[in-house]
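Have a look at the structure that comes next, please.
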Amino acid sequence: MPKCFSFTATQNRCLKSTFSSRGLRSTFTDLKDGTIMHCWVPKSKKPTRPNLVLIHGFGANSMWQWSETVRILSRHFNVYVPDLLFFGDSYTTRPERTESFQAQCVKRVMEANSVTKMSVVGLSYGGFVAYDFAAQFGDCVEKVVICCAGVCLEEMDLKEGLFAVSSVEDAANILLPQTPEQMRELMGYTFVKAPAKVLPSCLLTDFIDEMFTQYVEEKKELLLAIAKDRKLSDLPKITQPTLIVWGDQDKIFPLELGHRLKRFISPTGHLGENAQMVVIKNAGHGFLYEKPKDFHKPLKAFLLGTTKTAPSQDQT
């Protein structure tokens, strides 16, 4: 029997209206290789404003993840919010599953919208894509923000106990919940005070039906591609001014990975003094929801500040 009402679908419609009211419109770009990319773009791009790309992570769609950020930053930037492949309305028939391919697809969307210079903000999985984007297309990227993304993880970290799980397959089972019980487990990992304990199963099931039932196998392949043979020594360099943001109680990507990224210095000039770090107290992987003001204040200051290298710092 079909559902008479879906809270999640209703919220999706409200968020579409919100994005529209913030000056964005929904677009589809056919990359002509079996790939379709959906992206929210400015209805009217203002040449006096810098361009900003917000790249989402796993979980709820890009509108749910970036709604508050769009509200705050759309007054200062031409904001672009793509759906990564196998999320929202983006998909491909191609076999590639790496963050490098995701970055290339986002770049082609920006080219289709005549965007040549931009800053990128990546959240969790989106942080992997944002980092790779900055490495591949350095001349196009002005600033980089990496939010709770374990870019510096190594495959051996799973075996050595850095994470709560010991394999990517176990991580996929947590990050792609298919039952209310699994959804509660995911929220327990994501938030310091998980709201799922008080949410009825019917609402969690509704959310899962809308957000987690499409492209499940493809999303598992995305996760496997992140960790496969990953070594810190293979990480490409980025030289743009970079802000790293982490919750101090992150259980998905432990804070150690944020510090590892910040101190990642090499003779060829990896992050080094280009990197600032903000650690948000009493927040987990979902600090965007738990502590939105503590996130958006330094984010806005970094993006609107000078493009010169800022001194390295920890903020708590």
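The values are calculated or read from the model by the stated rules, or taken from the named source; none is laboratory data. Note that this is a predicted model, so its numbers are computed, not measured. For neighbour counting, all protein chains shown are included, and Cβ atoms are generated from backbone atoms with ideal geometry for every residue, glycine included. Quick note on the areas: whole protein, heavy atoms, side chains included, nothing else; ligands and nucleic acids left out. Shrake-Rupley method; radii C 1.70, N 1.55, O 1.52, S 1.80 Å.
Scanning region 33-55 for residues that are farther than 16 Å from Met118 by Cα and part of a loop (DSSP other than H, G, I, E, B), which turns out most open to solvent (accessible area, probe 1.4 Å)? Outline the logic, then answer.
Applying the first criterion (farther than 16 Å from Met118 by Cα) to region 33-55 yields 33-38, 43-44.
Restricting the remaining residues to those that are part of a loop (DSSP other than H, G, I, E, B) gives 33-34, 43-44.
Details: Asp33: 39, Gly34: 32, Lys43: 110, Ser44: 78 Å².
Taking the candidates together, the pick is Lys43.
Something else: So which of Thr18, Thr8, Thr29 ends up being among the β-branched types (Val, Ile, Thr) and within 21 Å of Asp209 (Cα to Cα)? Spell out how you get there, then give the answer.
Details: Thr18 fails: within 21 Å of Asp209 (Cα to Cα); Thr29 fails: within 21 Å of Asp209 (Cα to Cα).
Criteria check complete, one pass: Thr8.
Next up: Restricting region 4-32 to residues that are part of a loop (DSSP other than H, G, I, E, B) and surrounded by 11 or more Cβ atoms within 10 Å (Cβ to Cβ), which is modelled with the lowest pLDDT? If you could, list the steps in order and put the result at the bottom.
Step one: filter region 4-32 for residues part of a loop (DSSP other than H, G, I, E, B), giving 4-6, 22-23, 31-32.
Retained after the next criterion (residues that are surrounded by 11 or more Cβ atoms within 10 Å (Cβ to Cβ)): 6, 22-23, 31.
Values: Ser6: 92, Arg22: 96, Gly23: 97, Leu31: 98.
Per the stated criteria, the residue is Ser6.
Another one. Restricting to region 132-168, count the residues that are in contact (Cβ under 8 Å) with a residue 12 or more places away in the chain and either closer than 25 Å to Phe212 by Cβ or β-branched (Val, Ile, Thr) (or both).
Looking only at that region, the number is 15.
Could you please find all residues in region 259-292 being at pLDDT 95 or above and either more than 17 Å from Lys193 (Cα to Cα) or touching a Cys at 6+ places or on another chain (Cβ under 8 Å) (or both)?
Val278, Val279, His285, Phe287, Leu288
Of all the residues that make up region 64-76, how many are of a type in the set (A, V, I, L, M) and open to solvent by 10 Å² or more (accessible area, probe 1.4 Å)? Step through it out loud before you land on a result.
Here is the first cut: in region 64-76, the residues of a type in the set (A, V, I, L, M) are 70, 72-73.
Right, trim to open to solvent by 10 Å² or more (accessible area, probe 1.4 Å) and you get 72.
Count: 1.
Tally up the residues in region 1-55 that are out of contact with any strand residue (DSSP E or B) (no Cβ under 7 Å at 6 or more places or on another chain), among the polar types (S, T, N, Q) and touching a residue at least 40 places away in the same chain (Cβ under 8 Å), please.
Of the residues in that region, 5 qualify.
Which pairs have Cβ atoms under 6 Å, sit 6 or more apart or on different chains, and link a residue in region 62-77 that is on the phi < 0 side of the Ramachandran plot and at pLDDT 95 or above to one that is of a type in the set (Lys, Arg) and part of a loop (DSSP other than H, G, I, E, B)?
Going by the 6 Å Cβ cut-off, the qualifying pairs are Val70/Arg22; Ser74/Arg22; Phe77/Arg49.
Follow-up. In region 1-16, what count of residues is obtained for those that are closer than 28 Å to Thr116 by Cα and hydroxyl-bearing (Ser, Thr, Tyr)?
Matching residues across region 1-16 total 0.
Restricting the first residue to region 97-124 and requiring it to be assigned to a strand (DSSP E or B), which pairs with a second residue that is open to solvent by 20 Å² or more (accessible area, probe 1.4 Å) meet a Cβ separation below 7 Å and a spacing of at least six or different chains?
Met118/Asn51; Met118/Cys140; Met118/Glu142; Ser119/Pro50; Ser119/Glu142
Also: For region 127-234, list the helices (runs of 4 or more DSSP H) that sit wholly inside it and hold at least 1 residues that are surrounded by 20 or more Cβ atoms within 10 Å (Cβ to Cβ) and under 17 Å from the mean Cα position of the chain (by Cα); which are they?
Values: elements: 155-159, 168-175, 180-190, 201-211, 216-227.
So the answer is 168-175, 180-190, 201-211, 216-227.
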